[in-house]
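Before I ask anything, let me first share the structure, which is written out below as structure tokens.
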Amino acid sequence: MKIKILKDGPYLIEGSIPLYREIMVKYKMLIPERWEKVEKFETKESYALCRCGLSKNKPFCDGSHKKGFNGEETAEDKPFNEIAKKFEGKNFDLLDAKPLCASARFCIKKEGVWEAIKKEENEIEEIKQMVFNCPSGRLVLIDKNGNPVEPNFEKEISILEDNLTGVSSAIWVKGGIPIESSKGFIYEIRNRVTLCRCGKSSNKPFCDGTHLKIKFQDEKYFSGGDKKWII
Ligand code: SF4
Ligand code: FES
């Protein structure tokens, strides 16, 4: 199983990796509580996911990138632990690598995860949900021995919709699937990462939340007057 990034082109997914669409379940206002799978795509041995944002057949590539997409991979090739800052908590600490944020907002529920980890009385399960739902892996909980506390994910890919704002979000890669750059090296293998699918991230191939600023939309998903995407 592997994700191969093609130069100025799509993500080539190899090894029959299951593909889903997930949307946000609301906590309050624009803050989500959790993800919910709403669609399973047919599992094919290999398929190409759009990386330029221009395809008329999202989430799949239709060749539109050939109109001049610049997919240069600008992300720093540094391991997460080197870019993350550590925040001390009562029972767990939090590692935070801000450039990876996909703007999904699970972490700002109530007083925010950075405050929540400091308090003895806070429910650890709720803190875990705030961190585990962070699709980008910007946030990682570690125990007091420095060991990561992570959800068990199958190797799968989800197309994320930020239905609370009406915007299409990133591609969520779960369970440590290797991602090979267009130059042939493998990025650090992680349990949770988000890949850019609007084509405008400044931290390619990873999502940096730009889809929200440019109001990127999978037209097909958000079309129709029934507002099926608001839940
Ligand atoms: S991607 Fe993670 S860090 Fe960024 S807003 Fe969402 S939950 Fe918070
Ligand atoms: S990457 Fe091929 S259409 Fe977007």
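For a label point 7 Å from the Cα of Asp77 along Cα→C-beta, name the residues of the stretch 189-205 whose backbone N is under 15 Å from it.
189, 204-205, by backbone N distance to the label point.
How much of Lys98 can a 1.4 Å solvent probe reach, expressed as accessible area in Å² and rounded to 10?
Ignoring ligands and nucleic acids, Lys98 comes out at about 140 Å².
If you don't mind, there's one more thing I want to ask. Any idea how far apart Val25 and Lys7 come out in nm if each label point goes 7 Å out from Cα toward Cβ?
So the two model labels end up 4.5 nm from each other.
Between Glu121 and Lys213, what is 0.36 nm times their sequence separation minus the Cα-Cα distance? Round to one decimal in nm.
Gain on stretching Glu121 to Lys213: 29.5 nm.
Give me, ordered by chain and number, the residues 5 or more places off Phe60 or on other chains with an amide H under 5 Å from its own placed amide H.
Close amide H contacts, sequence-distant or interchain: Cys50.
For every helix of n ≥ 4 consecutive DSSP H residues, a contribution of -39,500 (n - 2.57) applies; sum these over the chain, divide by its total residues, and give [θ] at 222 nm rounded to the nearest 500 deg cm²/dmol.
Dividing the helical sum by the residues of the chain leaves -2000 deg cm²/dmol.
Moving on to the next point. Just grab the label-to-label distance for Lys98 and Glu36, each label 7 Å out from Cα along the Cβ direction, in nm (one decimal).
A separation of 3.4 nm, rounded to one decimal place.
Can you compute log10 of I(q)/I(0) for the stretch 115-231 with the Debye formula, treating each Cα as one identical point scatterer, at q = 0.10, 0.12, 0.16, 0.23 Å⁻¹?
-0.39, -0.55, -0.89, -1.29
If you take the Cα Rg of the stretch 20-113 and divide it by 2.2 N^0.38 Å, with N the number of residues, what do you get?
1.45
Another question, if that's okay. Listed here are the pairs Lys7/Lys215; Lys37/Lys85; Lys37/Lys78; Lys98/Lys220; Lys66/Lys204; which of them are more than 22 Å apart at the Cα?
With Cα atoms farther than 22 Å apart: Lys7/Lys215; Lys37/Lys85; Lys37/Lys78; Lys98/Lys220.
Round to a whole angstrom and tell me the spacing of the C-alpha centers of the stretch 1-43 and the stretch 143-175.
9
Simple spin-label model, 7 Å along Cα-to-Cβ: Glu88 to Lys220 in nm?
The two pseudo-label positions are separated by 5.2 nm.
Continuing with the same structure: Contour minus end-to-end for Lys66 and Thr43, with contour as 0.36 nm per residue of separation and end-to-end as the Cα-Cα distance?
Net length gain for the segment: 5.7 nm.
Just to check, using Stokes-Einstein with a Kirkwood Rh over alpha carbon pairs, what's the diffusion coefficient of the stretch 47-199 at 25 °C and 0.890 mPa s in µm²/s?
Value of D from the Cα-based Kirkwood radius: 146 µm²/s.
Based on the Cβ-Cβ distance from Glu111 to Lys200, what FRET efficiency comes out when R0 is 35 Å, to the nearest 0.05?
Taking R0 as 35 Å, the efficiency between Glu111 and Lys200 is 0.65.
May I ask which residue of Ser181, His211, Trp35 lies farthest towards the positive end of the charge dipole of the chain, with charges of +1 (Lys, Arg) and -1 (Asp, Glu) on Cβ and the Cα centre as origin?
His211
The values are calculated or read from the model by the stated rules, or taken from the named source; none is laboratory data. Fair warning: this is a prediction, and the values are worked out from it, not measured in the lab. As a convention, Cβ positions derive from the backbone with ideal geometry for all residues, glycine included, and neighbour counts pool all protein chains shown. Accessible surface areas use protein heavy atoms only, side chains included; no ligands, DNA or RNA. Shrake-Rupley method; radii C 1.70, N 1.55, O 1.52, S 1.80 Å.
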